[in-house]
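Worksheet: the structure to be examined is printed underneath.
The values are calculated or read from the model by the stated rules, or taken from the named source; none is laboratory data. Note that the coordinates shown come from a computational prediction; the quantities given were computed from them, not determined experimentally. Note that we place each Cβ from the backbone using ideal geometry, even for glycine, and neighbour counts take in every protein chain shown. Only protein heavy atoms, including side chains, enter the accessible area calculation; ligands, DNA and RNA are left aside. Shrake-Rupley method; radii C 1.70, N 1.55, O 1.52, S 1.80 Å.
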Amino acid sequence: MAVATSYNVLVSVVNPDPATTKIDTNLVEGTKKFLEPFLESIKELAEFTYQTQILRYVTLPTIPVKSADHFYISESNLPHLINPIESKLGTSATNDINLIIYLVEGRYSPLYIRADNGGLIAIPSFLSPQWGAVHLYDQRNKTKIDHADTFSVLLPQLKQLLGLKAASSAAVSAKEKFLMEARATLMHILKSIDTLNSLVRLTDSIPNMVIGDHIADQVADSIEGINLARAALESHNLAEALKQASRARDAAEKSFSDPSILHFCTSLMTKSLLSTSRCSYR
C-alpha cells in the first residue's frame, strides 16, 4: 500500500451462497477483539478507522479444480478472484485496505491454492499489494466463524500491506514498529517536498494565478513541518519526526488540492478549449 497519513480498513465477510452456508459471522465481536487492539498498537503510524460488512451472492469467477481429496485454485488465477468482490465494495479510496474473509462453499471444500511450482500453499490466503488481503475460509462443520483463526492470517498480511517485507505473527514487535514508522516518516517528507514542488511549477506556469493567504499559510505550515521532522530525526526522536512529517504532508496536499486552485485551473482549461474550438471552426 502507498504510505498515507490515514487508512480505512474494510473487513468483509463474503458468503457466496447464504442458502447453503449458514454461519454466524461474528464480525463485530471479532474485529473488536482482534483488529482494534492491533490498530491501537500502531496508532502512532497513521490515523486508522475500520468498517465491517457482509457481502452475499458473490461467487468465485474461477471454478476450483478437483484433485483427489481436495480442490484448488492456481496461483496464477488469484488476481481474477478480486474483481467480483471489488465490484461489490462500492467506491474505494487510495488509502482503503480491504481484508476479505471468503466463506468457501461446502462443495469446494477443502480448497487450497496451488503454487506455480505445483505445491499446495498451506494457508489459503493471498495479498494484492495495492488493495488488500483475501483469506479463503473453510467453514465446514462450523456454526460460527473463528476469528482467532481468520485474524491470525489477516493481521500478518495487514502488516505486510503497511510496509513490512515479511510477517509471520499478528503481534507488532518494537523492531517492526520502528521500521514502519521510519518508512512512513521518510515517505511523508519526500511526498511533501514533491507536492510543494508541483505547486511551485503550477504557479510558475500560470503567472496570473491568485494564491489566497490560506494557501500560503498551508505551504508555510508544510515547510515548517518538514524542517521540524528533519530536526527530530537528527536528535533521534522518531515519534516527533513522524508527527511533523505527517503534518507537513497533510498541509502540502491541502494546499495543492485547494478548491480555489482547482477552480482556477478548470476555468483556464475551459477557456483554452473554447478558444481552440473557435479557431478550428473558423
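For the range 66-73, backbone phi angles converted through the Karplus equation (6.51, -1.76, 1.60; θ = phi - 60°) give residue-by-residue couplings of 7, 8, 6, 9, 8, 10, 8, 10 Hz, Gly and Pro being listed as x. In the context of the full set of protein chains, residues of the chain present 54 Å² of accessible surface per residue (probe radius 1.4 Å, heavy atoms only). Listed options for Rg/Rh (Cα atoms, Kirkwood Rh) are (1) 1.05; (2) 0.94; (3) 1.09. The value calculated from this structure is the one marked (3). Would you work out what percent of the accessible area of the range 129-255, with all protein chains in place, is carbon or sulfur (probe 1.4 Å)? On the range 129-255, the fraction of accessible area on carbon and sulfur atoms equals 55 percent.
Oblate is the label for the range 101-152, because the ratio a/c of its alpha-carbon gyration tensor axes (a ≥ b ≥ c) is 1.5 or higher and a/b is not greater than b/c.
The phi torsions of the range 136-143, fed into the Karplus equation with coefficients 6.51, -1.76 and 1.60 and a -60° offset, translate into couplings of 7, 8, 7, 9, 4, 6, 10, 9 Hz, rounded to whole numbers, with Gly and Pro shown as x.
Scalar couplings 3J(HN,Hα) for the range 49-59, obtained by applying the Karplus form with A = 6.51, B = -1.76, C = 1.60 to θ = phi - 60°, are 10, 8, 9, 10, 7, 10, 10, 10, 6, 10, 9 Hz; x denotes Gly and Pro.
Restricting the range 149-242 to trypsin sites (Lys or Arg not before Pro) that sit in a DSSP loop and have at most 16 other Cβ atoms within 10 Å of their own Cβ leaves Lys165. So, R0 is 30 Å and r is the distance between the beta-carbons of Ser6 and Ser173; what FRET efficiency does that work out to, to 0.05? E(calc), rounded to 0.05, equals 0.80.
Would the range 16-159 count as rounded, prolate or oblate if I go by the C-alpha gyration tensor, calling it rounded below 1.5 in a/c and otherwise prolate when a/b exceeds b/c, oblate otherwise? Cα axes put the range 16-159 in the prolate bin. Based on Cα contacts under 8 Å between residues 6+ apart, the range 90-236 shows a relative contact order of 15 percent.
Give the angle, between 0 and 90 degrees and rounded to the nearest 10, that separates the Cα long axis of helix 174-205 from the longest principal axis of the Cα atoms of the chain. Computed tilt is about 40 degrees.
If you line up the long axis of helix 213-234 against the longest principal axis of the chain, both from Cα atoms, how many degrees apart are they, to the nearest 10? Once rounded, the angle reads 60 degrees. Note on Leu120 and Asp69: the model spin-label points, each 7 Å out from Cα along the C-beta direction, lie 0.9 nm apart. Neighbours of Trp131, meaning other residues whose beta-carbon lies under 11 angstrom from its beta-carbon, give a summed charge of -2 when Lys and Arg score +1 and Asp and Glu score -1.
Residues of the range 216-260 with the amide nitrogen closer than 16 Å to a label point 7 Å from the Cα of Asp194, along Cα-to-Cβ, please. Of the residues in the range 216-260, 246, 248-254, 256-257 have backbone N under 16 Å from the label point off Asp194.
Between Asp96 and Asn8, the built amide H atoms are under 5 Å apart, and every one of these is 5 or more places off in sequence or on another chain. Can you give the net charge of the other residues whose Cβ lies under 15 Å from the Cβ of Ile121, counting K and R as +1 and D and E as -1? Here the count lands on -2. For every other residue with a beta carbon closer than 11 angstrom to the beta carbon of Asp17, add +1 if it is Lys or Arg and -1 if Asp or Glu, then tell me the sum. Counting the neighbours of Asp17, the net charge comes to +2. For the chain, the relative contact order comes to 19 percent (Cα pairs under 8 Å, sequence separation of at least 6).
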